[in-house]
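Working notes for the structure below.
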Amino acid sequence: MKRITIAIDGYSSCGKSTMAKQLAKEIGYIYVDSGAMYRAITLLALRNHVFATDGTIDHELLRTLLKEAKISFRRNEKSDVAETYLNDENVERDIRTKEVSSHVSPIAALPYVREALVEEQRRLGKDGGIIMDGRDIGTTVFPKAEMKVFVTASSRIRAHRRYDELKQKGQEAPFEEVLKNVEERDYIDSHREVSPLRQAEDAVVLDNSNLTREEQAAWLITLYKERTEA
Ligand code: DC
């Protein structure tokens, strides 16, 4: 069967990575979390004090760090899940903290950061048989992807999911604060100049506000079959 390219884009905390991982496992494709790459660069920026106290960014330092950064994904044998590595260090946990979440959008809005990461993403997907999730995969990274999904859900539902996720990790935060962070990220992601979050014309919309995981998985596999059998 033809090994296609699958792009899954959408708002934050829509469950994109959960659905993409599950689909990848089911059909034997490689899964790449492009958001993890922007998060890894943000972690690197925070560790190296790229942000001044007023939030301004030291671009010269960031450009140097970006040039030296090596991001990779390696399978965890125990959990059978791919984890993010930054310069050979497993940063899977460290890139999911509140601190990284609240600094990642300005980093992801920088044209030179996007240029470097998009190049790397295309390299990872050059042979097909890949599912990549993010914000600009169907519009910029793989505009010719055979299957494009644009995922959405209401901001309150997404904030609830994020709130539960943080609580599980012992990083509990007030719900209103989580909701504010989700809405702020939506705004920055969809209003930035370079590759803003938007639905590709040929993407299929999936509103999963009221879908169970099983219903969503069935929806995805049906679309995948349609695209590969066509
Ligand atoms: O999907 P996520 O929440 O882990 O993404 C983290 C941030 O990276 C988010 O603010 C949007 C940004 N991002 C992006 O700009 N382009 C992508 N392809 C993926 C993520």
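The values are calculated or read from the model by the stated rules, or taken from the named source; none is laboratory data. All values reported here derive from a predicted model rather than from experimental measurement. Reconstructed Cβ throughout: ideal geometry from the backbone, glycine too, with neighbour counts over all protein chains shown. When the accessible area is computed, the model is the full protein with side chains, heavy atoms only, and any ligands, DNA or RNA have been set aside. Shrake-Rupley method; radii C 1.70, N 1.55, O 1.52, S 1.80 Å.
A few notes on this one:
- With every protein chain in place, the chain: carbon and sulfur % of accessible area (1.4 Å): 48 percent
- Spatially, the stretch 198-230 and the stretch 48-122 are offset by 29 Å when compared through their Cα centroids.
- Near Asp207, the amide H atoms lying under 5 Å from its own belong to Thr152; only residues 5 or more places off or on other chains count, and H is placed 1.01 Å from N.
- Student exercise, the stretch 102-182 dipole from Lys, Arg, Asp, Glu Cβ charges, in Debye to nearest 20: 140 debye
- Accessible area in the full protein assembly, largest first, 1.4 Å probe, for Thr5, Thr64: Thr64, Thr5
- Annotation note: trypsin sites (Lys or Arg not before Pro) in the stretch 41-100 located in DSSP loop regions with a Cβ neighbour count of at most 13 within 10 Å are Lys70, Lys78, Arg93.
- The modelled label-to-label distance between Arg47 and Glu172, using points 7 Å beyond Cα along the C-beta direction, is 3.0 nm.
- Low-density loop cleavage sites - chymotrypsin sites (Phe, Trp or Tyr not before Pro) in the stretch 73-168, where at most 12 other Cβ are within 10 Å (DSSP): none
- Shape class of the stretch 56-204 from the alpha-carbon gyration tensor: rounded, with the ratio a/c of largest to smallest axis under 1.5.
- Listed residue (Gly138, Ser72, Asn208) projecting farthest to the positive dipole end of the chain, Cβ model: Ser72
- Dipole of the stretch 1-125 computed with +1 at Lys/Arg Cβ and -1 at Asp/Glu Cβ about the Cα centre; of His59, Ser12, Gly28, farthest Cα towards the positive end is Gly28.
- Under the convention that each Lys and Arg Cβ holds +1 and each Asp and Glu Cβ holds -1, the size of the dipole of the chain around its Cα centre is about 420 debye.
- With a Förster radius of 25 Å applied to the beta-carbon distance between Thr228 and Arg123, the computed FRET efficiency rounds to 0.60.
- Excluding ligands, DNA and RNA, the accessible surface per residue across the chain is 53 Å² with a 1.4 Å probe.
- Cut-off 11 Å, label 7 Å out along Cα→Cβ of Ser209, residues of the stretch 154-189 by amide N: 154-158
- The stretch 70-114: C-alpha gyration tensor shape, a/c 1.5 cut-off, then a/b vs b/c: prolate
- Karplus-derived 3J(HN,Hα), 6.51/-1.76/1.60, for each residue of the stretch 20-25, Hz, glycine and proline x: 5, 4, 5, 5, 4, 5
- Choice from Val118, Val149, Val81 showing the highest fluctuation, given a GNM over the chain with Cα pairs closer than 10 Å: Val81
- Accessible area of Asp207 in the full protein assembly, 1.4 Å probe (Å², nearest 10): 90 Å²
- Pairwise label distance in nanometres, Glu201 with Met1, each label 7 Å out on the Cα-Cβ vector: 2.9 nm
- Prolate/oblate/rounded call for the stretch 59-147, Cα gyration tensor, a/c under 1.5 rounded: oblate
- Springs between Cα atoms under 10 Å define the GNM used for the chain, and in it the highest mean-square fluctuation of Leu117, Leu66, Leu43 occurs at Leu66.
- Bins of 5 Å from zero: percent of alpha-carbon pairs in the stretch 16-85: 3, 15, 21, 19, 13, 11, 10, 7, 2, 0
- Loop GluC sites (Glu not before Pro), the stretch 33-82, which have at most 13 other Cβ atoms in a 10 Å radius of their Cβ (DSSP): Glu77
- Counting DSSP beta bridges with both ends in the chain, the antiparallel % (nearest 5): 35 percent
- Listed pairs Lys148/Lys225; Lys25/Lys70; Lys78/Lys144; Lys67/Lys126; Lys70/Lys180; Lys67/Lys98 exceeding 23 Å between Cα atoms: Lys25/Lys70; Lys78/Lys144; Lys70/Lys180; Lys67/Lys98
- Coupling constants for the stretch 97-105 follow from the phi torsions by the Karplus curve (6.51 cos²θ - 1.76 cosθ + 1.60, θ = phi - 60°), and in residue order they are 6, 4, 4, 5, 4, 8, 10, 6, 4 Hz; glycine and proline get x.
- The chain: most fluctuating residue of Ile41, Ile130, Ile188 per GNM, C-alpha cutoff 10 Å: Ile188
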